[in-house]
Amino acid sequence: DGDSWLGVMPRHGKVSEMRWFKGPKGVSAFHFVNAFDEGNTVHIDICLTSTNAFPFMHRPDDPFNPMTMTGGLTRWSVDQSDPKAQLQQRVIGPPGDLPRLRDCDQGRAYERFWMPTYDPRIGPPVAGGPVGSCFNALLYLDVKTGQVLDALSMGPGFAFNEPVHVPSKTAGHAGWILAVIDREVDFEHHESTLFVLKADEISRPPVAT
């Protein structure tokens, strides 16, 4: 029920220069895509949900209902030149978590990234993990348009873990995505495989497993 807050401190500044911006009530975010400056404005892109997704973090007298949770990739922006600035918010992509972008894009304006998500059209998710259910698809997204450039899903019974991007030394090559994908053999047994994917064509057959 509490307010959320975004604290912004100059990169080479002091804690005393921190500014706090009030956000929506009750929202939660564990993982962030990126943050960068655009003129006097600071943007931070976060995997935002309407409440905390971990059932064990909710009060026993107010149990968590995952069917009521909403959210999406959200950009929070603040104009540092305005002493009365308030936090601006807009949704720029679908829901998901554990995002990954190129290391060379950290802290800079960027265009594309990768993120696991849950697609209900595929079927029920694999049970497990601290949330209780696993991601069943991997997205390649354009952050400027919110467009899904490519997507990888393998049907029911598969779970996607946090991806890692590996750059290429070849000019114009997008590099590779490494992702561990679990297959549910039965409720207590899973097989895990490391997939090596072309970073800009993740739906194509893997380069290696």
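The values are calculated or read from the model by the stated rules, or taken from the named source; none is laboratory data. Here the structure is a predicted model, which means the values were calculated and not measured. All Cβ positions, even for glycine, are placed from backbone atoms using ideal geometry, and neighbour counts span all protein chains on display. To get the accessible areas, we keep the full protein, side chains included, count just its heavy atoms, and leave off ligands, DNA and RNA. Shrake-Rupley method; radii C 1.70, N 1.55, O 1.52, S 1.80 Å.
If each residue of separation counts as 0.36 nm, what is the full-extension length gain between R183 and E38 once their alpha-carbon separation is subtracted?
48.0 nm
By how many nm would the segment from S50 to K84 lengthen if fully extended, with 0.36 nm per residue of separation less the alpha-carbon distance?
9.6 nm
In what order, largest first, do W176, W76 sit by accessible area if the probe radius is 1.4 Å?
If we order W176, W76 from most to least accessible, we get W176, W76.
What is the distance, in nm, between label points placed 7 Å from the Cα along the Cα-to-Cβ direction at L194 and at D119?
2.6
With only Lys, Arg, Asp and Glu charged, each at its Cβ (+1 for the first two, -1 for the last two), find how big the charge dipole of the chain is about the Cα centre; round to the nearest 20 debye.
With Lys and Arg at +1 and Asp and Glu at -1, about 600 debye.
Need the list of lysines near K198 for cross-linking: C-alpha distance under 22 angstrom, and skip anything on the same chain fewer than eight residues off.
Of all the lysines, those that pass the test against K198 - Cα under 22 Å, at least 8 places apart if same chain - are K144, K169.
Per residue, how large is the accessible surface of segment 69-209? Use a 1.4 angstrom probe and give square angstrom.
So segment 69-209 comes to 56 Å² accessible per residue, rounded to a whole number.
Measure off 7 Å from each Cα along the Cα-to-Cβ vector at E201 and K22, then give the distance between these two points in nanometres to one decimal.
So the two model labels end up 5.2 nm from each other.
Could you tell me what percent of the accessible area of segment 62-207 is made up of carbon and sulfur, with a 1.4 Å probe and every protein chain present?
Roughly 52 percent of what the probe reaches on segment 62-207 is carbon or sulfur.
Starting from the Cα of H12, step 7 Å along the direction of its Cβ; do the same at C104; then give the gap between the two resulting points in nm.
2.4
What is the chain's relative contact order, in percent, from Cα pairs under 8 angstrom and six or more apart in sequence?
12
Treating cross-link reach as a plain straight distance, find the lysines whose alpha-carbon is under 23 Å from the alpha-carbon of K22, omitting any fewer than eight places away in the same chain.
K14, K84
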